[in-house]
Amino acid sequence: MKKIPSLKLPIINNGEISKHILSDITANKKVVIFGVPGAFTPTCSEKHLPSYLNLIHQFKTKGIDDIYCISVNDAFVMKAWLASYHKGNSIKGIADGNAEFAKAMNLIVDYSGNFMGKRCKRFALIAECNSIIRLNIEEKGQFLVSSAKHILNQI
């Protein structure tokens, strides 16, 4: 069974940026991590992130301790992106600026044709005590299996 990688990454929590080892802060918890190709990009901003913000209460009632959004962006961009939403502080951001998580999870996609460089594939996972029990990876250009509604139905 695949595990949450032990990587030190910037985490955005309630508008504050601090660096943590991801597997340490997700240990002994049931979490959802969803990945987007880029903060402030159309599908990510208009559909993906809002889908989780709108259903946060339903995730909590199903026993999810934390929801994280990860993107290959720096911590300042992730902080600003989350802050641009009314309920943006209800989830935590992970700034994977060097694409370390994306590489470790084999989720790298090349968006150089769109002048975005290497990014993270759109995905969502459910993990319990760092063991990934569900990993849904979207086909390029799709938004189906990583949506909050789809993941909520898999818990």
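Nothing in this text is a laboratory measurement; each read-out follows from the coordinates by a stated rule. Note that the structure is a prediction, hence the values are computed from the model and not measured. Because the Cβ atoms are built from the backbone with ideal geometry, glycine has one as well, and the counts that use them run over all protein chains shown.
Just a few scattered comments:
- Sequence-distant residues sharing a close amide H with Asn130 (under 5 Å, placed H): Asn28, Lys29
- Choice from Cys69, Cys44, Cys120 with maximal GNM fluctuation in the chain (Cα, 10 Å cutoff): Cys44
- Whole-Å distance, taken between Cα centres, linking the range 107-145 and the range 18-32: 19
- Relative contact order %, the range 1-98, counting alpha carbon pairs below 8 Å whose residues are six or more apart: 35
- Backbone geometry of the range 85-101 corresponds, through the Karplus equation with coefficients 6.51, -1.76 and 1.60 at θ = phi - 60°, to 3J(HN,Hα) couplings of 10, 3, 9, x, 7, 7, 10, 10, x, 10, 8, 9, x, 9, 6, 5, 5 Hz, x marking Gly and Pro.
- Among Phe76, Phe143, the ranking by other beta carbons within 10 Å of each residue's beta carbon, starting with the fewest, stands as Phe76, Phe143.
- Label selected from (i) 13.9, 41; (ii) 14.5, 42; (iii) 18.2, 53, the criterion being Rg and Dmax of the Cα atoms in Å as computed here: (i)
- Residue exposure proxy: Thr61, Thr26, Thr43, ordered by other Cβ atoms within 10 angstrom of their Cβ from fewest to most, comes out as Thr61, Thr43, Thr26.
- Taking each residue as 0.36 nm, the span from Met1 to Asn28 lengthens on full extension beyond its C-alpha to C-alpha distance by 8.1 nm.
- Potential extension, Ser18-Asp66 segment - 0.36 nm per residue separation minus Cα distance: 15.7 nm
- Projected label distance in nm at Tyr111 and Lys8, using a 7 Å step from Cα toward the beta-carbon: 2.8
- Simple label model, 7 Å out from Cα along Cβ direction - Cys129 to Tyr85, nm: 3.0
- Length released on extending from Ser45 to Gln58, taking residue separation times 0.36 nm less the Cα-Cα span: 2.6 nm
- Net charge dipole size for the chain [Lys, Arg +1 and Asp, Glu -1 on Cβ; Debye, nearest 20]: 240
- From helices alone, the chain scores -6000 deg cm²/dmol at 222 nm; the rule is -39500 (n - 2.57) for each run of n ≥ 4 DSSP H residues, then divide by the residue total.
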